[in-house]
1. What do you reckon, is D:D111 in contact with a strand residue (DSSP E or B) (Cβ under 7 Å, 6 or more places away or on another chain) and under 21 Å from A:V4 (Cβ atoms)?
2. If A:S32 passes every condition in (1) modelled with pLDDT under 95; (2) within 11 Å of another protein chain (Cβ to nearest Cβ) but one, which one does it miss?
3. Do we find a residue being more than 14 Å from the chain's Cα centre (by Cα), farther than 20 Å from A:M127 by Cα and within 14 Å of chain E (Cβ to nearest Cβ) anywhere in the range A:70-77?
4. Quick one: how many residues across the range B:5-38 are farther than 14 Å from C:D109 by Cα, in contact (Cβ under 8 Å) with a residue 24 or more places away in the chain and of a type outside the set (F, W, Y)?
5. When the residues of the range B:20-37 are narrowed to those that are more than 8 Å from C:D101 (Cα to Cα) and among the β-branched types (V, I, T), which ends up surrounded by the most Cβ atoms within 10 Å (Cβ to Cβ)?
6. Whether any residue in the range E:14-29 is more than 18 Å from C:G14 (Cα to Cα), at the interface with another protein chain (Cβ under 7 Å from one of its Cβ atoms) and among the aliphatic types (A, V, I, L, M) is what I want to check.
7. Against the definition (at pLDDT below 95 and either touching a Ser or Thr at 6+ places or on another chain (Cβ under 6 Å) or surrounded by fewer than 19 Cβ atoms within 10 Å (Cβ to Cβ) (or both)), how does D:K88 come out, yes or no?
8. Looking only at the range B:95-124, count how many residues are out of contact with any strand residue (DSSP E or B) (no Cβ under 8 Å at 6 or more places or on another chain) and buried (at least 17 other Cβ atoms within 10 Å of the Cβ).
Amino acid sequence: MATVKLGFIVQRPPYKSENPKLALTHAIASQSVEMYLNDGDLVTADLAFVGDGVLNCLKNQKAMDKYGLTSTESHIKSALMLDLSVMVCKEDLERFGLSEDDVVLDAEEFGADMVTKVVPYSEIAKMMEDSNHLLFF
Amino acid sequence: MATVKLGFIVQRPPYKSENPKLALTHAIASQSVEMYLNDGDLVTADLAFVGDGVLNCLKNQKAMDKYGLTSTESHIKSALMLDLSVMVCKEDLERFGLSEDDVVLDAEEFGADMVTKVVPYSEIAKMMEDSNHLLFF
Amino acid sequence: MGKLTIGCFSSLIGSMSLDFAVKLAGAAIEKGHKVDFWVSGNGTMLSIKAQRPFKDYSFLEKPVKELVAKGMQITACEACAEARGYHKEETMEGFKRHSMDWYLASTFDADRVLHIGGE
Amino acid sequence: MGKLTIGCFSSLIGSMSLDFAVKLAGAAIEKGHKVDFWVSGNGTMLSIKAQRPFKDYSFLEKPVKELVAKGMQITACEACAEARGYHKEETMEGFKRHSMDWYLASTFDADRVLHIGGE
Amino acid sequence: MKLAVFVSDYRLTADTLERLTSDKLGIIFVSNGVYHATIKEKGNSSALLKKNAQFYVLHDDLETRGLGGSDIAENVKLVSYGELVELIFNDYEKLAWL
Amino acid sequence: MKLAVFVSDYRLTADTLERLTSDKLGIIFVSNGVYHATIKEKGNSSALLKKNAQFYVLHDDLETRGLGGSDIAENVKLVSYGELVELIFNDYEKLAWL
């Protein structure tokens, strides 16, 4: 019985690159990983948005209306619904003049208990330290 | 009877992106464009390397030995063999500490008369001014 | 009315440059302009038929077919497609395949050329 | 000897990240390590069979097949492939298709994970 | 010449754009270029907005990213795809996508 | 932790890399990252080379671009693909590709 911790770090802004979306969909796939593992073994995924990556977390994305595409916002809400840990770097939000009010903080409408945590970079660095492996997107 | 002039401007370094190679192969295709046009009509392509794009012009690229891929150097030589005008920005070479000796200047071994011209940026700006359309790679 | 030649070298999925280019082509045709559309490099992915539509991924088969029906010419670079394993029989109806000179020839009588590079 | 899991999300042609990843996998297997290889996003282009080899374009079918023969496991993201029109019957022999959880599961007993993002 | 430059990225275009000269210059923010029209990094607007140019931003690409007309700098004009076509054919002669 | 960072680009990675901390840090230049090991812009070596880290550059990727071992900064070590595998398994625990 063991748990392997993966740290997903998203550093690119949304849409121009598929990376942020793929970070979210791959992290969410941690929920169905048991079918490949022995009983009690686990792989977990923690998500952190840093640098230009924090722009993924803006509210009111209209990608579906405008381009028929699931928004990064929806993917973040899916991650919260599935109880993944989602962190957003506080210093980077501040650098862009953004506040907690501007970002996707919960998925209450879907009954999610988990909320996005706006945290200092040091906490993201600690997550990286605690992870067994890192994946940068 | 008319001539349409296209200006191809390569601003990205080689290999990490397919753009520089596609700039060269598309510019070379100007040689066979007549089959679509009326007698006497022409489309010409002038090539200019600027910014990080000047790194495409370094000599002794070993892409074929190392990765089995035609080098950007070979594509530049093909362009010279087909009498295309190839310009490299002097200021950008200097910024990188590179000189004329470091870049592909001719394709003598293939009997090409045309040579690469290392020119001040102002001459590239003039080419852009004289072109009917611009294509940035 | 004018003619716009668009070249796009970006993947169908990823940068959303093709989403932009197809919407711009649609808006130009709507206003009575003629549009030629060239895809090369990873942009040739647009030419494959039978892509499965998922909401998570750009899917442009429907708008492309509508624009072709309205007179848009759309052509993929044959060598770029073949190198990627996209063969003639997998090409969407209405999509032509030619060598790169087609794109340059299209600029001859174009009023405007918008060249969108790849990744 | 250890196990290396490589994930690569870049196009077959363009960035040369897959050329790098395949060479690294080869060097690791050469030294007796086990390698799992995952492609997702535009990286699923690697899984298509019958690509035409041209010297101008990355072509990795041969080294991939050799590494599979030496025990490398290689898997493409099924949804990413289908969305691009890469269907099962066009998949290279030896290439598996699974959902994204395969990649995460592979990291469980991996000694090292190298995740290479896309464009 | 009359040149319209499409800026499609937030980080990568400054070097080329800085040196482009034109009698009439239009800068059109699309894709991730739209952040130039809205984001103030460390309190400063994008340096691009100081160029001697007309500025436009594609409304659909703003809204896709959770941004809107009220977020943009005052010297930037909101445009639709249809208005973009008008600009291309009526106001500029050459186009560049960076 | 012992972290090896693969730098694959010449322009885009500084922001993330600057803040990465590690007890032991290795920086491996591959793909267009190799220019960090060789190019002096306006006479200055890449700022990355001032980090407190071990530096490596992939020989094949240098040679592909027309550069060689004699062009690299003196604190950068030339490595082959085989040596890269040794580094990955023996010298570092976690890997990051930027």
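The values are calculated or read from the model by the stated rules, or taken from the named source; none is laboratory data. Keep in mind that what you see is a predicted model, and the values were worked out from it rather than measured. A quick note on method: Cβ atoms are made from the backbone with ideal geometry, for glycine too, and the neighbour counts reach across all protein chains shown.
1. On the way: in contact with a strand residue (DSSP E or B) (Cβ under 7 Å, 6 or more places away or on another chain): yes; under 21 Å from A:V4 (Cβ atoms): yes.
The answer is yes for D:D111.
2. With respect to (1) modelled with pLDDT under 95; (2) within 11 Å of another protein chain (Cβ to nearest Cβ), A:S32 is out only on (1).
3. Taking every residue of the range A:70-77 in turn, at least one turns out to be more than 14 Å from the chain's Cα centre (by Cα), farther than 20 Å from A:M127 by Cα and within 14 Å of chain E (Cβ to nearest Cβ).
4. Of the residues in the range B:5-38, the ones farther than 14 Å from C:D109 by Cα are B:7-32, B:35.
Applying the additional criterion that residues be in contact (Cβ under 8 Å) with a residue 24 or more places away in the chain yields B:7-15, B:19-28, B:30-31.
Still in the list and also of a type outside the set (F, W, Y): B:7, B:9-14, B:19-28, B:30-31.
Going through the range B:5-38 one residue at a time, the tally reaches 19.
5. Across the range B:20-37, the extreme among qualifying residues is B:T25.
6. No, the range E:14-29 has no match at all.
7. Values: at pLDDT below 95: no; either touching a Ser or Thr at 6+ places or on another chain (Cβ under 6 Å) or surrounded by fewer than 19 Cβ atoms within 10 Å (Cβ to Cβ) (or both): yes.
No: the conditions fail for D:K88.
8. The number of residues fulfilling the criteria is 1.
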